[in-house]
Amino acid sequence: MPASYAYLGPEGTFTEVALRTLPEAATRELIPYVSVQSALDAVRAGEAEAAFVPIENSVEGGITTTLDELVAGAPLMIYREVLLSITFALLVRPGTALSDIKTVSAHPAAQPQVRNWLKNNLPDAHWESAASNADAARLVQEGQYDAAFAGEFAAARYGLVALETGIHDAENAQTRFVLVGRPARPAAPTGADKTSVVLWQRDDHPGGLRDLLGEFATRGINLMLLQSRPTGAGIGNYCFCIDAEGHISDRRVAEALMGLKRICLQVRFLGSYPRADLKPSEVDAPRLGTSDEEFVSAADWVARCQDGRF
């Protein structure tokens, strides 16, 4: 397997900045790809060891392009996550004034994060989506658009200047990025972990989603992401992307996944991996009755009952 990481490029994306915070990134060749799909396909094809892509932001939730790529195609697995605080700069060619700007560009996920700023400062500007924020900067450099929302650090890379900085509609906005590889044994639990899965219902019926969520709720497992995505099989046909607290080696998580496997048409395991927002010492103790010790004790009691030793 090549000692390389694919990432959403080109150079100068927030994705690249977040990737470089991983210690192991210093020992890998970092290769930019034009889209999330092409970065993940490079892993599937064995051209890269892993891919680093955005998956969620605190303003709009899950990034559908990434979720859809993880839902479809050959299975992949998440191994790490990184949180990065996001603020945008308005990048333009030298000499451009705010009044000159008629077109702006950025990744679609950026638009909800700068919508109010645009309304107040460039109400007549036409928005054009780009494959990434850095790609939008490249297109401004080439003269296709007047301005791009991107990281201020991308200005020098593309010969642009930051006309405005610190642009964001929501304070403390963050984007979550994940390192994705081919399926393998999950890393050992750290005590502050997250498990990601995709669920498909067997059929559409009243209370169907409640049945799925009940497998987590009855075991005291908190959910951090729940997003429906269309399956492509027709209107009203959806699968559910879920991030849950805990590791697959935790008894409560393993039993929840077994319960889901029994009642779902399909379950795709996307990995158990360390959380980026908490240290193990900051994680609350499991709810009463949901610790590994209590699961073991309950299973032992059932076995003794079966043996007539109760």
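The values are calculated or read from the model by the stated rules, or taken from the named source; none is laboratory data. Only a predicted model underlies this, so the values are computations on that prediction, with no experimental measurement involved. When we count neighbours, we look across all protein chains shown, and the Cβ atoms used for this are built from the backbone with ideal geometry, even at glycine. Protein only, heavy atoms only, side chains kept; ligands, DNA and RNA dropped before computing areas. Shrake-Rupley method; radii C 1.70, N 1.55, O 1.52, S 1.80 Å.
Taking segment 143-157 as the range and being among the aromatic types (Phe, Trp, Tyr) and open to solvent by 10 Å² or more (accessible area, probe 1.4 Å) as the test, the residues that pass are Tyr145, Phe153.
Just give me the residues in segment 72-97 being modelled with pLDDT of 95 or more and under 22 Å from Leu226 (Cα atoms), in sequence order. Correct list: Pro75, Leu76, Met77, Ile78, Tyr79, Arg80, Glu81, Val82, Leu83, Leu84.
Looking across segment 23-38 at every residue that is farther than 23 Å from Val140 by Cβ and in contact with a Phe, Trp or Tyr (Cβ under 8 Å, 6 or more places away or on another chain), the one that is least open to solvent (accessible area, probe 1.4 Å) is identified as Ala25. Determine whether Ser38 is outside any loop (DSSP other than H, G, I, E, B), hydroxyl-bearing (Ser, Thr, Tyr), farther than 22 Å from Tyr273 by Cα and within 17 Å of the chain's Cα centre (by Cα). It is true that Ser38 is outside any loop (DSSP other than H, G, I, E, B), hydroxyl-bearing (Ser, Thr, Tyr), farther than 22 Å from Tyr273 by Cα and within 17 Å of the chain's Cα centre (by Cα).
Answer yes or no as to whether Arg309 is open to solvent by 30 Å² or more (accessible area, probe 1.4 Å), modelled with pLDDT under 95 and outside any loop (DSSP other than H, G, I, E, B). No; evaluated as a whole, the condition is false for this residue.
Only one of Glu47, Glu11 is open to solvent by 60 Å² or more (accessible area, probe 1.4 Å), out of contact with any helix residue (DSSP H, G or I) (no Cβ under 7 Å at 6 or more places or on another chain) and part of a loop (DSSP other than H, G, I, E, B); which? I'd like the intermediate steps shown before the answer.
Working: Glu11 fails: out of contact with any helix residue (DSSP H, G or I) (no Cβ under 7 Å at 6 or more places or on another chain).
Result of the check over Glu47, Glu11: Glu47.
For Thr290, which of the numbered conditions (1) among the hydroxyl-bearing types (Ser, Thr, Tyr); (2) in contact with a helix residue (DSSP H, G or I) (Cβ under 6 Å, 6 or more places away or on another chain); (3) open to solvent by 30 Å² or more (accessible area, probe 1.4 Å) fails to hold? For Thr290, the failing item is (3). Restricted to segment 258-268, and to residues there that are surrounded by 17 or more Cβ atoms within 10 Å (Cβ to Cβ) and over 11 Å from Gln201 (Cα atoms), the residue that is farthest from the chain's Cα centre (by Cα) is Gly259. Considering Thr175, Thr195, Thr190, the condition of being among the β-branched types (Val, Ile, Thr), touching a residue at least 24 places away in the same chain (Cβ under 8 Å), within 24 Å of Val53 (Cβ to Cβ) and open to solvent by 50 Å² or more (accessible area, probe 1.4 Å) is satisfied by Thr190 alone. Put simply, of Ala72, Ala110 the only residue that is among the small types (Gly, Ala, Ser) and within 21 Å of Gln141 (Cβ to Cβ) is Ala110. Taking (1) open to solvent by 30 Å² or more (accessible area, probe 1.4 Å); (2) over 23 Å from Leu83 (Cβ atoms) in turn, Val283 satisfies each apart from (2). Of the helices (runs of 4 or more DSSP H) entirely within segment 115-234, those holding at least 2 residues that are within 28 Å of Arg44 (Cβ to Cβ) occupy 133-141.
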